[in-house]
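The values are calculated or read from the model by the stated rules, or taken from the named source; none is laboratory data. It should be emphasised that the depicted structure is a prediction, and the values quoted were computed from it without experimental measurement. All Cβ positions, even for glycine, are placed from backbone atoms using ideal geometry, and neighbour counts span all protein chains on display. Keep in mind that these areas ignore ligands, DNA and RNA; they rest on the heavy atoms of the full protein, side chains included. Shrake-Rupley method; radii C 1.70, N 1.55, O 1.52, S 1.80 Å.
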Amino acid sequence: MLSPYRVLDLTTERGLLCGQMLADLGADVVKVEPPGGSSARRIGPFYKDAPHPDRSLYWWAYNRNKRSITLDLERDAGRNLLRRLVERADFLIESHNPGYMRQHNLGFADLAKINPALIYVSITPFGQDGPKASYADSDLIIMAAGGPLILAGDADRPPVRLCVPQAYLHASADAAVASLAAHHERVRSGLGQHIDVAAVQSVAMATQSNILAAALGAIEPRRMSGGVKMGPIEIPLVWPASDGYVAMTFLFGSALGVFTAKLMHFICGQGFCDESTRDKDWIAYGEQLFSGAEPLAEFDRVKEVVRNFTRSRTKDELLQLAVERGFLITPVTTIEEVVESQQFASRDYFQNVAHPELGESFRYPGPFAKFSASPIEYRRRPPTVGEHNSEIYRGELGLSEREIAELTRAGII
């Protein structure tokens, strides 16, 4: 779909996913790395636990379908080469600290003079301006500043970070969508524009309705391991099974109370509670808890009844009941179970990608979407450091072998 278009990907680990999404859509994405390779290549784990810039699984995860060149942007010769690449580029993605590119005369205004149609995407922690623009960042800092962290962890202790960094994945996906929106506008105007993506704003959107509800004076949700607290009411969202955990919606009101009533009828029929428990008003039950008409101690007893039921079944058994009877239950799967999932297998999700330099093929996570007319293809495995230097510098910019050798010796590429 994007095969006519060239993307220059200057991102660090902050924004790699953006370029990969555009590459999956067919764009020619050229990963521009400093000599020696991107800092992202130093992030483990590593293939066979051997630290090496070409064996980082983190690097592999976000750089398929790209080509790689090395280029030192700290030096005039390197910046001049980048400007030559910009002449024929359609998109440029960068994730340096605000002001870095401008200080090196590579900001949007500078490069738009060379290529007015260039779509220039900046991915930063807090955006290009504002009082926090120059703040140091990490995934933990951004998730804390954006709101989601307040819900992570146990109620009786401080919040905990998410085990897998999320902030820049949100920001990168937003940047990819914004790039395509700007491209749509460019088709009309013929002009590019600067896209300023702040990771903290991307993760703020991930608070779902909570960020809006708080502004309207609603009760702010509080963290609770495996659930959420609304005022004094603790609502579990994860329940124990005999072999792990399931996510289950045990809520109330006109939309969800009908499912809870159905579940409680089944639990009663299995001998886990009496008829008076079964026949509570599950539609109005939330209002009864907030008003005090139903004591919290009674709700605690009901939750233990439900836990005793879920503990008596395996995850698969609970899922089968959900399918057969319309309960809102799904297993909490392990990573191994995801890899072996029949659902993913039926959709040909995982794809084998050959790494000729290692003499092996590896199973990669599949495309982010399925397109009926123009399916995503894994055309390239993640590139090795500077793998395409000669291909691009000699084949496209017309540099001689001697010039390339001199630039290499000087540490420019």
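Please determine whether any residue of segment 135-152 is surrounded by fewer than 18 Cβ atoms within 10 Å (Cβ to Cβ), within 30 Å of residue 232 (Cα to Cα) and free of Cβ contacts under 8 Å to residues at least 12 places away in the same chain.
No.
Residues being open to solvent by 20 Å² or more (accessible area, probe 1.4 Å) and touching a residue at least 24 places away in the same chain (Cβ under 8 Å): count how many of those fall in segment 302-316. Before you say what the answer is, go through the steps one by one.
Here is the first cut: in segment 302-316, the residues open to solvent by 20 Å² or more (accessible area, probe 1.4 Å) are 304, 307-308, 311-314, 316.
Imposing the further condition that a residue be touching a residue at least 24 places away in the same chain (Cβ under 8 Å) reduces the set to 307-308, 311-314.
Adding up the residues that qualify gives 6.
Give the residues of segment 112-129 that are of a type outside the set (S, T, N, Q), open to solvent by 10 Å² or more (accessible area, probe 1.4 Å) and farther than 15 Å from residue 142 by Cα, sorted by residue number. Don't jump to the end; show me each part of the working.
At the first step, the residues of segment 112-129 found to be of a type outside the set (S, T, N, Q) are 112-114, 116-121, 123, 125-127, 129.
Within this subset, residues satisfying the condition of being open to solvent by 10 Å² or more (accessible area, probe 1.4 Å) are 112-114, 116-117, 126, 129.
Those that are of a type outside the set (S, T, N, Q), open to solvent by 10 Å² or more (accessible area, probe 1.4 Å) and farther than 15 Å from residue 142 by Cα: 112, 113, 114, 116, 117, 129.
Taking segment 326-361, which residues are within 29 Å of residue 260 (Cα to Cα), in a strand (DSSP E or B) and touching a Phe, Trp or Tyr at 6+ places or on another chain (Cβ under 6 Å)?
Those that are within 29 Å of residue 260 (Cα to Cα), in a strand (DSSP E or B) and touching a Phe, Trp or Tyr at 6+ places or on another chain (Cβ under 6 Å): none in segment 326-361.
Just one of (1) within 18 Å of residue 328 (Cα to Cα); (2) aliphatic (A, V, I, L, M); (3) open to solvent by less than 30 Å² (accessible area, probe 1.4 Å) trips up residue 283, so point out which.
Unmet for residue 283, out of (1) within 18 Å of residue 328 (Cα to Cα); (2) aliphatic (A, V, I, L, M); (3) open to solvent by less than 30 Å² (accessible area, probe 1.4 Å): (3).
Can you go through 105, 115, 80, 65 and tell me which one is within 26 Å of the chain's Cα centre (by Cα) and either more than 24 Å from residue 27 (Cβ to Cβ) or not acidic (Asp, Glu) (or both)?
Details: 105 fails: within 26 Å of the chain's Cα centre (by Cα); 115 fails: within 26 Å of the chain's Cα centre (by Cα); 80 fails: within 26 Å of the chain's Cα centre (by Cα).
Step by step, each of 105, 115, 80, 65 is checked, and only 65 is within 26 Å of the chain's Cα centre (by Cα) and either more than 24 Å from residue 27 (Cβ to Cβ) or not acidic (Asp, Glu) (or both).
For residues that are outside any helix (DSSP H, G or I) and over 24 Å from the mean Cα position of the chain (by Cα), scanning just segment 184-210, find the one that is nearest to residue 174 (Cα to Cα). Let's see the steps before the verdict.
Step one: of segment 184-210, the residues outside any helix (DSSP H, G or I) are 190-198, 206-209.
With the extra rule that they be over 24 Å from the mean Cα position of the chain (by Cα), the set shrinks to 190-193.
Details: 190: 23, 191: 21, 192: 18, 193: 16 Å.
Here the residue is 193.
Name the pairs whose Cβ atoms lie under 6 Å apart, with the first residue in segment 266-289 and among the basic types (Lys, Arg), the second assigned to a helix (DSSP H, G or I) and modelled with pLDDT of 95 or more, and 6 or more positions between them or separate chains?
Final answer for the pair search is 278/264; 278/265; 278/268.
How many residues does segment 51-70 hold that are open to solvent by less than 50 Å² (accessible area, probe 1.4 Å) and either on the phi > 0 side of the Ramachandran plot or hydroxyl-bearing (Ser, Thr, Tyr) (or both)?
Counting residues in segment 51-70 that are open to solvent by less than 50 Å² (accessible area, probe 1.4 Å) and either on the phi > 0 side of the Ramachandran plot or hydroxyl-bearing (Ser, Thr, Tyr) (or both) gives 5.
Quick one: how many residues across segment 153-172 are open to solvent by less than 60 Å² (accessible area, probe 1.4 Å) and assigned to a helix (DSSP H, G or I)?
Quick first cut of segment 153-172, residues open to solvent by less than 60 Å² (accessible area, probe 1.4 Å) only: 153-155, 159, 166-169, 171-172.
Next, only the ones that are assigned to a helix (DSSP H, G or I) stay: 167-169, 171-172.
Selection size over segment 153-172: 5.
For segment 228-249, check the following and say yes or no: at least one residue is farther than 28 Å from residue 287 by Cα, in contact (Cβ under 8 Å) with a residue 12 or more places away in the chain and of a type in the set (A, V, I, L, M).
Looking through segment 228-249, at least one residue is farther than 28 Å from residue 287 by Cα, in contact (Cβ under 8 Å) with a residue 12 or more places away in the chain and of a type in the set (A, V, I, L, M).
Taking helices (runs of 4 or more DSSP H) that fall entirely within segment 12-97, which contain at least 3 residues that are over 24 Å from residue 134 (Cβ atoms) and free of Cβ contacts under 8 Å to residues at least 40 places away in the same chain?
Numbers: elements: 16-24, 57-62, 76-87.
It comes to 76-87.
Assuming residue 260 fulfils every condition listed in (1) of a type in the set (Ser, Thr, Tyr); (2) open to solvent by less than 50 Å² (accessible area, probe 1.4 Å); (3) under 22 Å from residue 152 (Cα atoms) apart from one, which condition is it?
Exception for residue 260: condition (3).
Could you go through segment 233-247 and let me know if any residue there is on the phi > 0 side of the Ramachandran plot, of a type in the set (Gly, Ala, Ser), open to solvent by less than 50 Å² (accessible area, probe 1.4 Å) and over 26 Å from the mean Cα position of the chain (by Cα). Break it down stepwise before answering.
First pass over segment 233-247, keeping only residues on the phi > 0 side of the Ramachandran plot: 244.
Narrowing further to those that are of a type in the set (Gly, Ala, Ser): 244.
Going one step further and asking which of them are open to solvent by less than 50 Å² (accessible area, probe 1.4 Å), we end up with 244.
Still in the list and also over 26 Å from the mean Cα position of the chain (by Cα): none.
No, segment 233-247 contains no residue that is on the phi > 0 side of the Ramachandran plot, of a type in the set (Gly, Ala, Ser), open to solvent by less than 50 Å² (accessible area, probe 1.4 Å) and over 26 Å from the mean Cα position of the chain (by Cα).
Please go through (1) in contact with a His (Cβ under 9 Å, 6 or more places away or on another chain); (2) under 26 Å from residue 164 (Cα atoms) for residue 119 and return the number of the only condition it doesn't satisfy.
(2)
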